[in-house]
Structure formats: structure tokens, C-alpha cells
Amino acid sequence: MSTTAIVGTQWGDEGKGRFCDLLAEESDLVVRFQGGNNAGHTVVVGDEVFKFHLIPSGILRPGTTCLLADGTVIDPRVLCSEVEELEARGIDTAGLKVSGSAHVIMPYHTVMDRMEERAKGEYAIGTTTRGIGPAYADKAARIGIRVWDLIDRDRLARQLALALPRVNVLLEHLYETETFTVDDIIGQLEPCVKIIKPMVADGRALVMDAVANDAEVLFEGAQGTFIDLDHGTYPFVTSSHPIAGAATLGTGLGPLDLDAVLGIAKAYTTRVGAGPFPSEAFDEDGDRMREAGAEFGTTTGRPRRCGWFDSCMVRTAVRINSASSLALTKLDVLDGIETIRVVTAYELDGELIDYVPSDPEAFARCVPVYEDFPGWMEPLEEARELDDLPEEALNYIEAVSTLVEAPISAISVGPEREQTVWVEESDEE
Ligand code: GDP
Ligand code: IMO
Ligand code: MG
């Protein structure tokens, strides 16, 4: 029995949800440990497409417990509508638990997110406007509302009375918009509170118990390494830590409790929102990736920026996350491209480097050095084993693995569950 964290090694949307759904088949507990409904995880099961924003993708596996852990931020109305939608589609959500220690995205947080973006003008981050940043800011400022507070009317009224004066000053005087009262908010959230209350658990105790009992536990990361609050391209980042370390931080486990980390890397690179992107392809290759890969945001519908695979980024992410192996996703999107480019180094102020510099302005000055690989002309979507892949694809996979200094344990060639090639572990070392 073991614990495995799934994390994004780029800027998000690498295909974490589809791998979480696959590994959840063998899991007792699936845990979201950070972020909120800024995530958009698509899982395709036959003719059905599920788009998860908050609920762990493991919910599709009957009998699996799913937890929104301490480190997440929860919009009660979104949680209730996801539950309702899943139930209407015949998915049993009885196994869903919500940690009392998770923070709540309040109605004013989404307003503040929109207003802050508007106020930043050309320096806007391009957030999902779901209130993520303001909710985490209040958490750090110690005026956040937790799920423990949400489900107890007196506690909620007390905490809101502490938070609202400050919030209302900003809303009224800085953003010149409507303010909130304690009663408004309690009234608005009441119907959701009834639905959420029975799901509330001591998240830390639940996860610790699962680990102590040798259960199979899967941690579903959201977002990607390079929008991490500390390690991403600040300020063009999210407000949580989408890296493997947060799977312990956000749940209450210790750093040695993780047995494996599966990094998810797309066979090319995408980014939603503003910020540096050295390998961005502004030409027809970028357009082709966007069309073939259907690269439009699951949460906001925005076209994703597309570019070539950047091995400096993924190599850096392998280290940040202690990734034990990688899943290389969406390889089929590169079908029919004659020459596939991979970033192998950057030229930064006249010097060659092979990692992502921590100063985002230095990162923005990085000029990619590419190596070109011959592409494959046949479709990969039917491949189920390595032997089914053409030589050019095998060479590409091997080159990526060597460059990023990590074994590749799986490759996906389409969004469906079965469009996955598992790579046997080799005994040579
Ligand atoms: P996540 O946020 O990391 O879970 O990724 P998203 O779900 O936002 O984006 C991945 C998109 O690619 C989804 O629409 C998936 O259905 C789709 N997808 C996942 N794996 C593959 C693949 O191997 N090939 C293709 N063509 N699409 C894939
Ligand atoms: P998944 O889990 C891609 C980006 C936003 C914006 C920045 C900050 O589907 O990979 P936020 O609303 O979090 O304050 O926005 O982070 N972003 C994502 N980009 N995939 C995601 O999630 C993202 N979640 C946030 O576009 O640039
Ligand atoms: Mg996504």
C-alpha cells in the first residue's frame, strides 16, 4: 500500500485529472490538497465528459473516499452545484468529505478578485476570477473563514463580524462597489451549509488514519509547478502551492509520508493567463497545437497559449517535486508535425543555463536553445503499448526522458482511459 502525489510540471492543464482518474481505480482515498475551483480537470469516460473544478476526480470510482483537505479553498456554492450535477448524472457522491480546516471562498472574495484584476489594467494576472487569491490572502491575514466556522451559525457570524469591516472598506472606497452584511452572507449560504454539513470531517485525522492503516492514498494536485506562489513566475502565479511538498503541508502528513510522485508533463507546453513563456510558438505550429489539442481553458474557456516542450522547465520541476517518474500526455497532438522542437537550454545574458532562473524577469529574458526531432506522420491514438509507437515517437520520448532526468512511466495518446501506454519499469540501472 502506498501514497502517491500527482502534480503538474508545467503551467497547469497537463492532464492531471485523467491520470488521477486512472490511478483512483486502485485507491482507497483521493485527496485534493491545495487550490480551489480555479482547477479544471477533464475526465473522459466513453461518451461522457466530466469537468471537475473542486471535487477530486476519484469520485468516479465507486467506493473511493474523496477529501477536500485542509490546504484547499472551498466555494460552498460551487461545491453544492458540482455535487448536484454529479448526482444528476448518476454518480454517487456519498464518499465525499470536506475538511473543517479548509478555508471558505466567500461571496466577497470573488468580487474582490474581479475588482483587483480590473484595477491592475495591463498588469492583470489573468486569474480565473474565482476568488482564490483573496481567500488565501485572508487566510494568511488570519481573518479567513474556515469550514468549521461555516457550519456553525454563531461562529460564522462572529468571524464575519471580524472580517467584514476591512473587506467593506476596500469594496466601498477602493473598488467603489456594493458592500456585504453578516446577515446577507449567512442568508445566501444557508442552503449550501445544509448540504455541506454532513460531509465535514477532521481532514488531518482522516488522512493520517488512512496512512496508518496502509490504505492506498492518492493526492491530486491542481495547477502546475510554475504557477506555485513561491516557485512560479511571481506575480503571475496562483495563491497556493501546486507542488508535491504541499501534499503533506496541505493535509497534515509529514514529508516522509509520500512514497511516489508522478509528475504530469504535456508533450508540448501551454499556459493560461499572463507571464513569461520562453518557448511560446506564435506561428502556425502554436495554432496547430491549440486546435489539435483543443487548448481552451476548462474553467474560463480562454484560448491557451501554446509552445514547444521545454526540458529546462520540466527538469526544474522534477527536482522541485522529487518526481519519481513522469507521465507524458497528449503525444498524439504532435501527430503529423514534420519537425518537433524541444528547448534544451536557455541563453541568458550571454550565458547558457539549463534550469529556470528564480527571478521571473531573468526568465523572461531567456532565449530558448532548441534541438529538432523528426516527427511521425501516422496517428498515435490506437497505441496501447510501446511497440505500437513509431520509431520517431520512441526517440522523442527517450530524448525527453534523458533531458528532464526522469523515467517516463506512462504516455497518453488520447483523452480516453484506454488511450494510455504504461511503460514497464526496466531492471537495468
Ligand atoms: P488538468 O487540469 O491537468 O487535469 O488538465 P485539463 O483537463 O485541464 O486539460 C487536459 C485536456 O486534454 C483535457 O481536455 C483532456 O480530456 C485532454 N487530454 C488528456 N490527455 C490527453 C491525450 O493524451 N491526448 C489528447 N488529445 N487529449 C488529452
Ligand atoms: P488546472 O488544475 C491552468 C492560472 C490562471 C492565472 C493564474 C492565477 O486545471 O491545471 P487564480 O485564479 O488561480 O488566482 O489565477 O493561475 N491558473 C491555471 N492555469 N490550469 C489551472 O488549473 C489553473 N489554475 C489557475 O489562469 O494565470
Ligand atoms: Mg485544467
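The values are calculated or read from the model by the stated rules, or taken from the named source; none is laboratory data. Note that the structure is predicted; figures quoted are calculated from it, not measured. Reconstructed Cβ throughout: ideal geometry from the backbone, glycine too, with neighbour counts over all protein chains shown. Calculation scope for accessible area: heavy atoms of the full protein, side chains included, ligands and nucleic acids excluded. Shrake-Rupley method; radii C 1.70, N 1.55, O 1.52, S 1.80 Å.
Residues in the range 357-401 that are among the polar types (S, T, N, Q), open to solvent by 70 Å² or more (accessible area, probe 1.4 Å) and under 30 Å from Val237 (Cα atoms): Ser358 only.
Restricted to the range 21-35, and to residues there that are in a loop (DSSP other than H, G, I, E, B) and in contact with a Gly (Cβ under 8 Å, 6 or more places away or on another chain), the residue that is farthest from ligand 1 (Cβ to nearest atom) is Ser27. Would you confirm, using the coordinates I've provided, whether Glu25 is more than 20 Å from Val104 (Cα to Cα), without any contact (Cβ under 8 Å) to a residue 40 or more places away in the chain and in the same structural domain as Ala246 (by TED's automatic domain parsing)? Judged against the criteria, Glu25 is a match.
Checked against the criterion of being of a type in the set (D, E, K, R), open to solvent by 50 Å² or more (accessible area, probe 1.4 Å) and within 15 Å of ligand 3 (Cβ to nearest atom), the range 307-327 has no qualifying residue. Looking at the range 147-160, can you tell me whether even one residue there is outside the structural domain of Ser81 (by TED's automatic domain parsing), out of contact with any Lys or Arg (no Cβ under 6 Å at 6 or more places or on another chain), buried (at least 20 other Cβ atoms within 10 Å of the Cβ) and acidic (Asp, Glu)? Checked against the condition, which is being outside the structural domain of Ser81 (by TED's automatic domain parsing), out of contact with any Lys or Arg (no Cβ under 6 Å at 6 or more places or on another chain), buried (at least 20 other Cβ atoms within 10 Å of the Cβ) and acidic (Asp, Glu), the range 147-160 yields no hits at all. Within the set Phe282, Phe296, Phe363, Phe309, the sole residue that is hydrophobic (A, V, I, L, M, F, W, C), touching a residue at least 40 places away in the same chain (Cβ under 8 Å) and more than 25 Å from Val423 (Cα to Cα) turns out to be Phe363.
Within the range 254-296, the residues that satisfy the criterion of being open to solvent by less than 50 Å² (accessible area, probe 1.4 Å), closer than 20 Å to Thr238 by Cα and within 16 Å of ligand 3 (Cβ to nearest atom) are Gly263, Ile264, Ala265, Lys266, Thr269, Thr270, Arg271, Val272, Gly273, Glu295.
All of Val78, Val49 fail the test of being near ligand 1 (Cβ under 10 Å from one of its atoms) and free of Cβ contacts under 8 Å to residues at least 60 places away in the same chain, apart from Val49.
Scanning the range 87-111 for residues that are in a helix (DSSP H, G or I) and open to solvent by 10 Å² or more (accessible area, probe 1.4 Å) returns Glu87, Ala88, Thr110, Val111. Counting the residues of the range 130-154 that are free of Cβ contacts under 8 Å to residues at least 40 places away in the same chain and either under 27 Å from Lys194 (Cβ atoms) or in a loop (DSSP other than H, G, I, E, B) (or both) gives 8. Report the residue count in the range 185-208 for those that are without any contact (Cβ under 8 Å) to a residue 40 or more places away in the chain and either open to solvent by 70 Å² or more (accessible area, probe 1.4 Å) or within 20 Å of Ala119 (Cα to Cα) (or both). Adding up the residues that qualify gives 3. Take the conditions (1) farther than 28 Å from Val43 by Cα; (2) open to solvent by 10 Å² or more (accessible area, probe 1.4 Å); Ser81 misses just one of them, which is (1). If you take the residues of the range 1-31 that are among the acidic types (Asp, Glu) and away from ligand 2 (no atom under 14 Å from the Cβ), which of them is surrounded by the most Cβ atoms within 10 Å (Cβ to Cβ)? So, considering only residues that are among the acidic types (Asp, Glu) and away from ligand 2 (no atom under 14 Å from the Cβ), the one surrounded by the most Cβ atoms within 10 Å (Cβ to Cβ) is Asp28.
Residue-by-condition table, conditions (1) touching a Ser or Thr at 6+ places or on another chain (Cβ under 8 Å); (2) more than 9 Å from ligand 2 (Cβ to nearest atom); (3) more than 24 Å from Thr344 (Cα to Cα):
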| residue | (1), (2), (3) |
| --- | --- |
| Asp214 | no, yes, yes |
| Val217 | yes, yes, yes |
| Thr225 | yes, yes, no |
| Gly232 | yes, no, no |
| Ile243 | yes, yes, no |
| Ala246 | yes, yes, yes |
| Leu253 | yes, yes, yes |
| Leu256 | no, yes, yes |
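Of the residues Val217, Val167, Val193, Val211, the single one that is under 22 Å from Cys80 (Cβ atoms) and of a type in the set (A, V, I, L, M) is Val193. Checked against (1) within 15 Å of ligand 3 (Cβ to nearest atom); (2) in contact with a Leu (Cβ under 7 Å, 6 or more places away or on another chain); (3) farther than 27 Å from Arg204 by Cβ, Leu54 passes all but a single condition, namely (3).
Number of residues in the range 27-51 that are of a type in the set (Ser, Thr, Tyr) and within 13 Å of ligand 3 (Cβ to nearest atom): the value is 1.
Inside the range 243-252, residues that are touching a Lys or Arg at 6+ places or on another chain (Cβ under 9 Å) and buried (at least 23 other Cβ atoms within 10 Å of the Cβ) make up a count of 2. Only one entry in Gly275, Gly293 is in the same structural domain as Val423 (by TED's automatic domain parsing) and in contact with a Ser or Thr (Cβ under 7 Å, 6 or more places away or on another chain), namely Gly275. In the list Asp259, Asp310, Asp283, which residue meets the criterion of being away from ligand 1 (no atom under 16 Å from the Cβ) and closer than 20 Å to Cys20 by Cα? None of the other options fit; the residue is Asp259.
On inspection, Ala119 qualifies as open to solvent by 30 Å² or more (accessible area, probe 1.4 Å), more than 26 Å from Leu67 (Cα to Cα), of a type outside the set (Val, Ile, Thr) and over 22 Å from the mean Cα position of the chain (by Cα).
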